[in-house]
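The values are calculated or read from the model by the stated rules, or taken from the named source; none is laboratory data. In this text the structure is predicted, and so the values were computed from the model without any measurement. Note: ideal-geometry Cβ built from the backbone for every residue, glycine included; neighbour counts use all protein chains shown. All accessible areas refer to the heavy atoms of the entire protein, side chains included, with ligands and DNA or RNA removed. Shrake-Rupley method; radii C 1.70, N 1.55, O 1.52, S 1.80 Å.
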Amino acid sequence: MADPSSYRPKPGQIPDSPGVYKFRDEHGRVIYVGKAKSLRQRLSSYFQDLAGLHPRTRTMVTTAASVEWTVVSTEVEALQLEYSWIKEFDPRFNVKYRDDKSYPSLAVTMGEEFPRVQVMRGPKKKGVRYFGPYAHAWAIRETVDLMLRVFPVRTCSAGVFKRSAQIGRPCLLGYIGKCSAPCVGRVTPEEHRELAEDFCDFMAGRTGTYLRRLEQRMHDAAEEMEYEKAARLRDDLEALRRAMEKNAVVLADATDADLIAVAEDELEAAVQIFHVRGGRVRGQRGWVTDKVEAVDTAGLVEHALQQLYGEEKGDSVPKEVLVPALPDPVGPVTQWLTERRGARVDLRIPQRGDKKDLMATVQRNAGQALALHKTKRASDLTTRSRALEEIAEALGLDTAPLRVECFDISHLQGQDVVASMVVFEDGLARKSEYRRFQIKSFAGQDDVRSMHEVIGRRFRRYLAEKQKTGEWEERPEGAAEGAPEDAIEGATGGAVPAEGREDDGRPKRFAYPPQLVVVDGGRPQVAAAKRALDELGIEDVAVCGLAKRLEEVWLPDEEDPVVLPRTSEGLYLLQRVRDEAHRFAISYQRSKRAGTLKAGPLDAVAGLGDTRKRALIKHFGSVKRLRAATIEQICETPGIGRKTAETIVAALAASAPAPAVNTATGEIMDGAEE
């Protein structure tokens, strides 16, 4: 625990102007980002008597080891820079709202020649108009199914569209009247785009004019005794009205607004957002967060606004945003929203009428979301805590291993030997810190030697990071020479020189040591991992292995394994960690094998894709056996017909390698082909 007075800036050193500040821990990692109208006043508040600080603030300042700041001209710039740094550094003590799921939206790809209506998730793309988000994808599909009768816009994928154009025949939707079939030229690109624009206008809430126009066309057709046409228009009107009923009118004045409500307790907060367009609720979403910093409702609202509109521009930011409490000060936030929209945005608290009633509904949803989250998480937290405590007790650790790293080796008959490292923090997978390795020091199959190499490389990186920060002044006795100069292999399998990186506060690849290293294997693998740590002089990291056969836990220098009960939460967590490492290693090994396969002799076979290549290798075991197979034997492979088998035989015969000859005896060698 650090003493805040050890890194407190000197009096008069902090400027009395707007700015953004960062607290860093002893490793140089940014742990908190904040903004202030006056940096001097705000930062001085962190260095008062610890007893007077909020418990979370006290934890943050005692975890930090330094503080720095950047001066900006206005509070709006400070707001924008704070948002950018929170996204970039992911500080552990900042409130970060995370969607409890990826909400789907109705999207229209207006950037394409023939716009397509579809369900989309994830980040927004340029040239696409979005409506929503919705709670369920099926709700979007029901709405689209009703509207395609009136607006027969393309919904098919690029592959289906291209195929229909090639064969000159539309898909089923084109035959039943739910697609205008631009693929076969039933409508021109201009006519199809007009349909898509009408669809977007209707979804945006401009429904009254279109319904009146459609109703007038129906009456005109009836007067002219075109009864079939009038009946179709009547059915179209009914379909549109049913689609509109799915989004009831909540605000009579066709308001475009977002309503944000917050439910909170001492530890957590839930946010609910209703997106109202044209007076109707067009979407709903919710976030839940831990209150890792001392923040009130106004602060939570400000963080929610940053999260919601930080990447948005134009009409995605509504004219009106209704909130339960206004940020303090409210001016910079309002100006920031106005700049994002390109027009005035009103940020206010509803006081009366329909908007206040709707805000109460959003507030009830937020309260229910928080209650549901707490019910689920209480069980999760209890289980994870019990699992970590059981592991600590079984392995004789002083404290629960909050960071666990697991290593696994994968290969195929000694070829493409790779390794994986997965990280679990507080019992949860931290996928951003997963790493994978290629075995470089030798060729062939030797899991024990591979494990020794990988553990050594991982912890040499750790020592190199400590040496950079000055925490490791001298090399420990027995440490491998040249450790800091080694290259770091990241998640893509490439190498990055250790000395070429800046100490910028971003999470480093290998900067943080685990409390426990788990290896996939028994006594030999555990001994190899322990030997690698001993050679580097690392004594504060525990090691264990989990053997698959009987799920035994092996410890270094122990003759007998530790056997945890089958119902143990600790054993279950170790199994999850081990299985995740195995999955990650297998996926990397397969990707390497697929790359090797692509460069093989099967590439000469026209029309043979990756799926059938893999099926052939799986069926015969190697290219050598495939080359020796007959056409009938090749036809036994799933997905391979006789014509394809004949093509494969011809291609392999043409690419057959010349036989190897023993120059001493003249004997023709029968070399193995992989």
**OP:** Kindly report, to the nearest 10 Å², the accessible surface of Trp336 as traced by a 1.4 Å probe over protein heavy atoms only.
**Re:** 0
Original post:
If you add up the charges near Ala532, with Lys and Arg at +1 and Asp and Glu at -1, over every other residue whose beta carbon is less than 12 angstrom from its beta carbon, what do you get?
Top reply: +3
Original post:
Which whole-Hz ³J(HN,Hα) couplings does the stretch 23-32 yield from phi under the Karplus relation 6.51 cos²θ - 1.76 cosθ + 1.60, θ = phi - 60°, glycine and proline marked x?
Top reply: 9, 10, 8, 5, 8, x, 7, 6, 10, 7
**OP:** Over the stretch 1-117, consider all pairs of different Cα atoms and compute the Kirkwood hydrodynamic radius from their mean reciprocal separation; express it in Å, one decimal.
**Re:** 16.3
Original post:
Residues in the stretch 515-546 near a label at Ile586, defined as backbone nitrogen under 20 Å from the 7 Å Cα→Cβ point?
Top reply: 518-522, 546
Original post:
Cα convex hull of the stretch 102-229: how many Å³ per residue?
Top reply: 123
Original post:
In whole percent, how big is the carbon plus sulfur part of the accessible area of the stretch 275-352, probe 1.4 Å, protein atoms only?
Top reply: 43
Subject >> Chain lengthening between Glu238 and Val160 when straightened (0.36 nm per residue, less Cα-Cα) >> reply: 25.1 nm
**OP:** Would you mind computing, in nm to one decimal, how far apart the modelled labels at Tyr175 and Glu266 are, each placed 7 Å from Cα along Cα→Cβ?
**Re:** 6.7
Original post:
Quick one: with all protein chains in place, what share of the accessible area of the stretch 1-127 is carbon or sulfur, to the nearest percent (1.4 Å probe)?
Top reply: 48
Original post:
With every protein chain present, what is the per residue accessible area of the stretch 307-425 (1.4 Å probe, Å²)?
Top reply: 50
Original post:
Excluding Leu322 itself, what net charge comes from residues whose Cβ is under 13 Å from its Cβ, given Lys and Arg +1 and Asp and Glu -1?
Top reply: -1
Original post:
With a ≥ b ≥ c the root eigenvalues of the C-alpha gyration tensor of the stretch 310-399, is it rounded (a/c under 1.5), prolate (a/b larger than b/c) or oblate?
Top reply: prolate
Original post:
Quick one: length gained pulling Lys37 to Asp534 fully straight, 0.36 nm per residue minus the C-alpha distance?
Top reply: 173.8 nm
**OP:** Along Cα→Cβ, 7 Å out, is where each label goes; now give me the distance between the ones at Val562 and Glu113 in nm to one decimal.
**Re:** 6.5
Subject >> Cα centroid of the stretch 121-186 to Cα centroid of the stretch 23-37, whole Å >> reply: 48
Original post:
Say each of Glu226 and Gln351 gets a label point 7 Å from the Cα, pointing the same way as Cα to Cβ; how far apart are those two points in nm?
Top reply: 5.4
